[in-house]
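Input: a single structure, listed below in structure tokens.
What follows draws every value from the coordinates through simple rules; no lab data is involved. None of the values given here were measured: they were computed from a predicted structure. Every residue, glycine as well, gets a Cβ built from its backbone with ideal geometry; the counts of neighbours run over all protein chains shown.
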Amino acid sequence: MLVVSMNAAVLSLVSLNFAIFGDVPVTVWLPSATGAALLCVIAYRGGVRAAIEYGDLVRTAFDVHRRDLLAKMGLELPRTLEEERNLWTTLGRQLYRGQNDHPELLRFTPSPE
């Protein structure tokens, strides 16, 4: 949808260039520019809506498997929802910013070896 939106935006600009620099009648460039601009907006909104829905699906997949992910990372599983929220906040800071405000929350389970 975003490719369609971009192509429509370019078509709209080309139509306006024909109006400014070319000897094209208004009955040709005005409907073309207007239709392309309208298609650009509609396609862009459709693309954004699809991206939001896809993001919700990805977030849901992580939410469903979040405890498995913690176990695979070797972290101790939290006992309460508040502990889990704090653990994910701390883990996010550690992974993305290299900061660790609460190192005591990142407790690793002993390896089975």
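May I ask for the net charge around W88, where only other residues with Cβ less than 12 Å from the Cβ of W88 are counted and Lys, Arg are +1 while Asp, Glu are -1?
Net charge in that neighbourhood comes out at 0.
Among T89, A50, L77, whose Cα projects farthest towards the positive end of the dipole of the chain, with charges put on the beta-carbon of Lys, Arg (+1) and Asp, Glu (-1)?
It is A50, whose Cα lies furthest towards the positive end.
Only loop residues by DSSP count here, and only those with at most 15 other Cβ atoms within 10 Å; note down the GluC sites (Glu not before Pro) in the range 1-82 that meet that.
Answer by residue number: E76.
Cut-off 14 Å, label point 7 angstrom out along Cα-to-Cβ of R49: give me the residues of the range 1-35 whose amide nitrogen falls inside.
In the range 1-35, the label zone of R49 (backbone N under 14 Å from the point 7 Å along Cα→Cβ) covers 1-2.
With Kirkwood radius over Cα pairs in Å defined as stated, name the option among (1) 16.6; (2) 18.6; (3) 14.3 computed from the structure displayed.
Correct label is (2).
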